[in-house]
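The values are calculated or read from the model by the stated rules, or taken from the named source; none is laboratory data. These figures come from a predicted structure and were not determined experimentally. Neighbour counts are summed over all protein chains in view; Cβ atoms, including those assigned to glycine, are modelled from backbone coordinates with ideal geometry. Remember, those area values only see protein heavy atoms, side chains included, never the ligands or the DNA or RNA. Shrake-Rupley method; radii C 1.70, N 1.55, O 1.52, S 1.80 Å.
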Amino acid sequence: MGACCRERRRYIWGESILIFVTIGSQMPFDRLIIAVDEWAKDSGYEVFAQVGQTQYIPQHIDWCNNLTPEQFLKKIRDASAVVSHAGMGTIITALELGKPIMIMPRRGDLRETRNDHQIATVKYFTTFDRVEVVMDEKELVNGFKSLLSSSSLLKDHTPIGSYANDFLISTIRNYIN
Amino acid sequence: MNKKKKILAISSGGGHWVQLRRLQPAFYGCEIIYSTVNLDLKSDVAGHQFYRITDATRWNKLLLIKMMCQILLIIYKERPDVVISTGAAPGYFAIRIGNVFGAKTIWLDSIANVEELSLTGKKLKKYANLCLTQWEHVAEKEGVIFGGKVF
């Protein structure tokens, strides 16, 4: 491998573990990127992050500003695990592709989003065992431990189906007809 | 013979779009027209008619007006029987304009809104013919209907 190969790349069942980090398409979320960058310095995992339009330049991970929807799908498909803001697009896509995901909410008071709706959203995901929730950057290191434990990576991540639940489909279909 | 019903399914990008495309089986037997802000998303709904519209948030009034005109043209031209949206500014315009043209209008509030309806949802609840939330407790609080979840 070339010089970019990190010394302590982690493997599970012979497969390299690749972590994909994304902050979505709207505003930057440096608090998450900085915390992941710090964590990557010591952990040696291979990380690729989509960081948005930000001034912060990550030092210990590969990164890009933005991805097309197609590139975004490929990154999730290739990843062993996904780390993201609490955006439904990323959460649903990761679950559709059967990937473990860790989410951290943006905060309204830090102007990371327009209000605290992501904080409310993640509270409902704490009981959902396919999604690891961390409330802030301090919880991130422990979150990674749990996200990347062998038991978590190797457990059944059967993709959720491609469509809404039957109840919603029939509610809408009945109304249309 | 019954004509196929025409559905306009429209939203902004990101999570709203991901939720919108998960509704496809509900439109079985209908002609579906999709519309969103990013042309790259057309491949998600290959085989269906697709219109790209301008991306705008409520902070950019000029772009909003452009988006509204585009949606007006789509609805004027296509005359959908049903307009359905999961999100934000395109949904707001499409439902208000859809009402004028006599379409049945459906608003599905994003599953992300776990405590109250989105701002757009609150504005639309008196206009959308069917206003749905994906959370039972929100339905009770806001006086709208809980009709299931996108996953």
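Overview of values
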{"read-out": "Per-residue mean of C-beta atoms belonging to partner chains within 10 Å, peptide B:18-25", "value": "6"}
{"read-out": "Globularity ratio of region B:1-57, using Cα Rg and 2.2 N^0.38 Å", "value": "1.14"}
{"read-out": "Residue-wise HN-Hα coupling along region A:37-49, computed from phi with Karplus coefficients 6.51, -1.76, 1.60 (Hz; x: Gly, Pro)", "value": "4, 4, 5, 5, 3, 8, 8, x, 6, 8, 10, 10, 10"}
{"read-out": "Globularity ratio of chain A, using Cα Rg and 2.2 N^0.38 Å", "value": "1.07"}
{"read-out": "Accessible area, probe 1.4 Å, largest first, for residues B:TRP59, A:TRP63, B:TRP107, B:TRP135", "value": "B:TRP59, A:TRP63, B:TRP135, B:TRP107"}
{"read-out": "With all protein chains modelled, accessible area of B:GLU31 [1.4 Å, Å²]", "value": "70 Å²"}
{"read-out": "Shielding by other protein chains, B:10-17, mean Cβ within 10 Å", "value": "3"}
{"read-out": "Estimated [θ] at 222 nm from DSSP helical runs (n ≥ 4, -39500 (n - 2.57)) normalised by residues in the protein assembly as shown, nearest 500", "value": "-10500 deg cm²/dmol"}
{"read-out": "Helix runs (DSSP H) in chain B reaching 18 Å along axis by Cα, Kyte-Doolittle at least 0.5", "value": "B:61-78, B:88-100"}
{"read-out": "Contour excess over end-to-end distance, with Cα ends at A:THR54 and A:ARG114 and 0.36 nm allotted per residue", "value": "19.9 nm"}
{"read-out": "Exceeding the 27 Å Cα-Cα cut-off - candidates A:LYS155/B:LYS149; A:LYS123/A:LYS145; A:LYS74/B:LYS125; B:LYS4/B:LYS122; B:LYS3/B:LYS42", "value": "A:LYS74/B:LYS125; B:LYS4/B:LYS122"}
{"read-out": "Å² of accessible area per residue within region A:58-177, as computed with a 1.4 Å probe and no ligands counted", "value": "48 Å²"}
{"read-out": "For the pair B and A, total buried accessible area rounded to nearest 100 Å², probe 1.4 Å", "value": "3100 Å²"}
{"read-out": "Residues of region A:144-172 buried by at least 50 Å² on assembly (accessible area, 1.4 Å probe, chain alone as reference)", "value": "A:TYR163, A:PHE167, A:LEU168, A:ILE169, A:ILE172"}
{"read-out": "Selection from B:HIS137, B:GLY148, B:MET67, by position along the positive dipole direction of region B:7-151 (Cβ)", "value": "B:MET67"}
{"read-out": "For chain B, accessible area per residue (1.4 Å probe, heavy atoms of protein chains only), Å²", "value": "46 Å²"}
{"read-out": "Sequence-distant residues sharing a close amide H with B:VAL37 (under 5 Å, placed H)", "value": "B:GLY13, B:ILE53"}
{"read-out": "Cβ neighbours within 10 Å from other chains - mean over B:112-119", "value": "4"}
{"read-out": "Nearby aspartates and glutamates by direct alpha-carbon distance to B:LYS104 (threshold 13 angstrom, same-chain neighbours under 8 apart not counted)", "value": "B:ASP81"}
{"read-out": "Environment charge of A:VAL134, counting only residues whose C-beta is closer than 12 Å and scoring Lys/Arg +1, Asp/Glu -1", "value": "-1"}
{"read-out": "Ranking by accessible area, most exposed first, for A:PHE20, A:PHE128, A:PHE48 with a 1.4 Å probe", "value": "A:PHE128, A:PHE48, A:PHE20"}
{"read-out": "Interchain or long-range residues, amide H under 5 Å from A:ASP62's placed H", "value": "A:VAL47, A:ALA49"}
{"read-out": "The protein assembly as shown, accessible surface, carbon-and-sulfur percent (1.4 angstrom probe)", "value": "52 percent"}
